[in-house]
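J.: Sharing a structure with you now.
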Amino acid sequence: RNPLGVRVRVTVLDDEHVHLEVEDVTEAHRVARVRRDFVANVSHELKTPVGALQLLSEALLEAVDDPETARRFTERIQHESARLARLVSELIELSRLQGAEPLPEPEPVGVDRMINEVLDRSRTAAVAKEIVVRWEGEHGLTVYGHEGQLVTALANLVENAIAYSPEKTSITIHSEKSGKRVKIAVADEGIGIAAEDTDRIFERFYRADQARSRATGGTGLGLAIVKHIASNHGGRVEVSSEVGVGSTFTLRLPSRPPAGASALKSQTRM
Ligand code: ADP
């Protein structure tokens, strides 16, 4: 429980002299604790779908003579395995983003292209819920970074907006230049987020209760990925939300190339 960690090494040099080495290991302890918690969380999150798959496949074997029941079990197996596959690929993505390797040189990325790509990717999910995704604001903006990662970040925000909104609502993507930054906001008319949850939703595996009970099939990693991508780009992500009214997530990204190559660095902290 002691937040301060100190490692002391004593070497007796002779009758009158000792060599005392004191090392502050507080940060190392913190990292080790975060890592232990993370491994425990991952194990727990993986056990749930794996356990479900085991039970469902046993049930499926029992139900071979009843095609209707067998079909239901097969659908649930599909659902659980899709969830498992998503969890694994998001864990890989997150660990890549947290890797110690420096990122390649940032390149100019057209915001229009990025948004069009995200609109394309989210079309099926939006249409299924009769949700209209609009884009307004400035066109022709440029940000600096890695197109693939930036598209992933924005797509995660739009996917969440769709997942946590009722049918027949609208989502608005708004792009504008603001000083040295480009602001891309995703506003929904969804369930909203309670004030006590807004700081924590960017943590890995944290999910607000309401959303969990809705069983959206999410992993709790999407926003942690968005936060890492934003900060790896020297930007940030913010949220403002009201329960029952809706949420707005805003990405702020650099609109100019970074001063030195080192300005875009992969984070090593966990
Ligand atoms: P998940 O896979 O659960 O969606 P995320 O990391 O993407 O994980 O989001 C974490 C939690 O934040 C969600 O479980 C949900 O409670 C909340 N959340 C994220 N986006 C929204 C949104 N647009 N509206 C309401 N709640 C949201």
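J.: State to the nearest 20 debye the size of the charge dipole of the chain about its Cα centre, where the only charges are +1 on K and R beta carbons and -1 on D and E beta carbons. All intermediate terms of the calculation are to be shown ahead of the outcome.
T.: Working: 35 positive and 40 negative charges, 82 e Å.
Around 400 debye, computed over the chain.
J.: Looking at 192, 254, 155, which one has the Cα that reaches farthest to the positive end of the dipole of the chain (charges on Cβ: Lys, Arg +1; Asp, Glu -1)?
T.: Of 192, 254, 155, it is 254.
J.: Okay, next question. Looking only at GluC sites (Glu not before Pro) in DSSP loops with at most 11 other Cβ atoms within 10 Å, what is the longest site-free stretch of the chain?
T.: On the way: sites that count: 16, 130, 167.
Counting only loop sites that pass the neighbour cut-off, the longest clear stretch is 17-129.
J.: Do the sum for the chain: with -39,500 (n - 2.57) for every DSSP H run of n ≥ 4, divided by all residues, what is the mean residue ellipticity at 222 nm, to the nearest 500 deg cm²/dmol? Working shown, then result.
T.: Details: 7 runs with 123 residues, N = 270.
After summing the helix terms and dividing by residue count, I get -15500 deg cm²/dmol.
J.: Run the accessible area of the range 25-120 with a 1.4 Å probe and give the carbon-and-sulfur part as a rounded percent.
T.: Details: 3560 of 6280 Å².
Result for the range 25-120: 57 percent of the exposed heavy-atom area is carbon or sulfur.
J.: Give me the log10 of I(q) over I(0) for the chain at q = 0.11, 0.15 Å⁻¹, as the Debye formula computes it from C-alpha points; what are the numbers?
T.: -0.75, -1.18
J.: What translational diffusion coefficient, to the nearest whole µm²/s, does the range 65-120 have by Stokes-Einstein, given a Kirkwood radius computed over alpha-carbon pairs, a temperature of 20 °C and 1.002 mPa s viscosity?
T.: On the way: Rh = 15.4 Å.
Using the Kirkwood radius from Cα pairs, D works out to 139 µm²/s.
J.: Then there's this: Over the Cα atoms of the range 151-238, each weighted equally, I'd like the Debye log10 I(q)/I(0) at q = 0.14, 0.15, 0.20 Å⁻¹, rounded to two decimals.
T.: Log-scaled intensity ratios, in q order: -0.51, -0.59, -1.04.
J.: Subtract the Cα-Cα distance of residue 134 and residue 25 from 0.36 nm times their separation in residues, and report this length gain in nm to one decimal.
T.: Numbers: separation 109, 0.36 × 109 = 39.24 nm, distance 5.01 nm.
Extending this stretch completely gives an extra 34.2 nm.
J.: Hey, got a sec? Which trypsin sites (Lys or Arg not before Pro) in the range 140-239 land in a DSSP loop and have at most 16 other Cβ atoms within 10 Å? Mind dumping the intermediate values first?
T.: Details: sites: 168, 177, 180, 181, 183, 200, 204, 207, 212, 214, 227, 236; in loops: 168, 180, 204, 207, 214.
Those satisfying the criteria are 168, 180, 214.
J.: May I pose another question? How large is the accessible surface per residue of the chain, computed with a 1.4 Å probe and reported in Å² as a whole number?
T.: On the way: 15860 Å² over 270 residues.
That works out to 59 Å² for each residue.
J.: Then there is this: Any chance you could list the semi-axes, whole Å, largest first, of the equivalent ellipsoid that the Cα gyration tensor gives for the range 31-96, using √(5λ)?
T.: Numbers: eigenvalues 208, 30, 6 Å².
Taking √(5λ) for each eigenvalue gives 32, 12, 5 Å, largest first.
J.: Semi-axes of the range 7-162's equivalent ellipsoid from the Cα gyration tensor, sqrt of 5 times each eigenvalue, largest first, rounded to whole Å? Write out the running numbers ahead of the final one.
T.: Details: eigenvalues 413, 219, 22 Å².
Output for the range 7-162: semi-axes of 45, 33, 10 Å.
The values are calculated or read from the model by the stated rules, or taken from the named source; none is laboratory data. A quick note: this is a predicted structure, and the numbers were derived from the prediction, not measured. Please note: Cβ atoms are built from the backbone with ideal geometry, for glycine as well, and neighbour counts cover all protein chains shown. Note: areas computed on protein heavy atoms with side chains; ligands, DNA, RNA excluded. Shrake-Rupley method; radii C 1.70, N 1.55, O 1.52, S 1.80 Å.
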